[in-house]
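Worksheet: one structure, shown below.
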Amino acid sequence: MKACLLEHPAPIETSPLKYIEVQKPAPAAGQLLIRVSCCAICRTDLHVVEGELPPRKSPVIPGHQVVGAIEKAGDGARRFRIGARVGVAWLHQVDGTCAYCVRGEENLCDNPDFTGYTEDGGYAEYIVAPEDFVYSIPEIFRDEEAAPLLCAGIIGFRSLRLSGIKSGERLGFYGFGAAAHVAIQVARHWNVQVYASTRDARHQRLALDLGATWAGGTFAEPPKKLNAAIVFAPAGEIVPAALKALRKGGTLVLGGIHMSPIPSLDYNLLYQERVIRSVANNTRQDGEDFLRVAAKIPIRTRVQIFPLSEANRALNALKNDAIPGAAVLKIGS
Ligand SMILES: [Zn+2]
Ligand SMILES: [Zn+2]
């Protein structure tokens, strides 16, 4: 099969992904073999390709927002029929036995596998995944619209939940890429007012198009104090500015897997019971809950399509803020 393989992490400008022929995988017991239709691109893929996340499998095929059709089921895998349309997300598998899993916190599992990082992902014509960690895709979405929901969507949704935001309140978004452009649609559905801070003028326009009350530069102060805010951009220097925009008791959620160092903070920015918290991965329940809400709204993702052979170019565009909405690799039919 054709795949984009990462042998050594390197700056995306040097095109580290090699578009080559590799062995088609076979499903082990409990796994599904999925013919990939689309794989959306996530900033985490960029962190894997450029080595900000230390290599865990080498070489590796990146990609963890995969939509495709089941071609073959491994021994004992009976949850879906052959040909069913499914999605594979970042959480590839957990042990199910550690103290976190037992408490229902499988997103924090001590022994997790991640798609496109510790296991091969969806920048390929085929992928294998455990049937227990695969999602059914609601019919209302086309393949390319559904793919960005599988990480940008699910992680944005978990970030919204952890922010504690309620109907009628004000929520800040810092950075307005793929995750924010989905999360704003959920927030508006919940009657939440969104204030979008982002450096790119096109992204500010997209935020206003999608119903933001206000959009401004990354460090511009929103006109009103916010009940909560979510930082989607991987830039630690945003944290003090975002804290400054919060009302007393407000929550700041950091939505990324990687962030540049956070500068030292004046305690007054945090005092008055403001909270900073990160988001790590998601549970399957988050995914199921989000896909149900997404189909009901329904979420409309804005996508820019690239062929699989141009994954380097797509990641480069993501790095340079040149994607309004989400980039998606179109792989099969
Ligand atoms: Zn576990
Ligand atoms: Zn992701």
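Bear in mind these aren't lab numbers, they're just calculated from the coordinates by the rules spelled out. Being a predicted model, the structure only gives us computed values, none of them experimental. Every residue, glycine among them, receives a Cβ derived from its backbone with ideal geometry; neighbour counts consider all protein chains shown.
Looking at Ala235, Ala311, Ala327, Ala294, which one is small (Gly, Ala, Ser), within 28 Å of Ser15 (Cα to Cα), under 19 Å from the mean Cα position of the chain (by Cα) and part of a helix (DSSP H, G or I)?
Working: Ala235 fails: part of a helix (DSSP H, G or I); Ala327 fails: part of a helix (DSSP H, G or I); Ala294 fails: within 28 Å of Ser15 (Cα to Cα).
Testing whether each residue is small (Gly, Ala, Ser), within 28 Å of Ser15 (Cα to Cα), under 19 Å from the mean Cα position of the chain (by Cα) and part of a helix (DSSP H, G or I) leaves just Ala311.
When only residues in the stretch 40-87 that are in a strand (DSSP E or B) and within 16 Å of ligand 2 (Cβ to nearest atom) count, which is nearest to Met1 (Cα to Cα)? Within the stretch 40-87, the match that is nearest to Met1 (Cα to Cα) is Val60. Tallying residues that are within 16 Å of ligand 2 (Cβ to nearest atom) and either among the β-branched types (Val, Ile, Thr) or assigned to a helix (DSSP H, G or I) (or both) within the stretch 88-133 yields 6. Residues that are at positive phi, in contact with a His (Cβ under 6 Å, 6 or more places away or on another chain) and either in contact (Cβ under 8 Å) with a residue 12 or more places away in the chain or among the basic types (Lys, Arg) (or both) do occur in the stretch 313-333. Taking each residue of the stretch 268-293 that is under 17 Å from Ser163 (Cα atoms) and looking for partners that are charged (D, E, K, R) and not in a strand (DSSP E or B) with beta-carbon atoms closer than 6 Å, six or more apart or interchain, yields Val279/Arg158; Asn282/Arg158; Thr283/Glu106; Asp286/Arg158.
Is it true that some residue in the stretch 12-20 is under 17 Å from Gly332 (Cα atoms), away from ligand 1 (no atom under 16 Å from the Cβ) and surrounded by fewer than 20 Cβ atoms within 10 Å (Cβ to Cβ)? I'd like the intermediate steps shown before the answer.
Within the stretch 12-20, the subset under 17 Å from Gly332 (Cα atoms) is 19-20.
Then drop every residue that is not away from ligand 1 (no atom under 16 Å from the Cβ), which leaves 19-20.
With surrounded by fewer than 20 Cβ atoms within 10 Å (Cβ to Cβ) added as a condition, the list becomes 19-20.
For the stretch 12-20, residues under 17 Å from Gly332 (Cα atoms), away from ligand 1 (no atom under 16 Å from the Cβ) and surrounded by fewer than 20 Cβ atoms within 10 Å (Cβ to Cβ): present.
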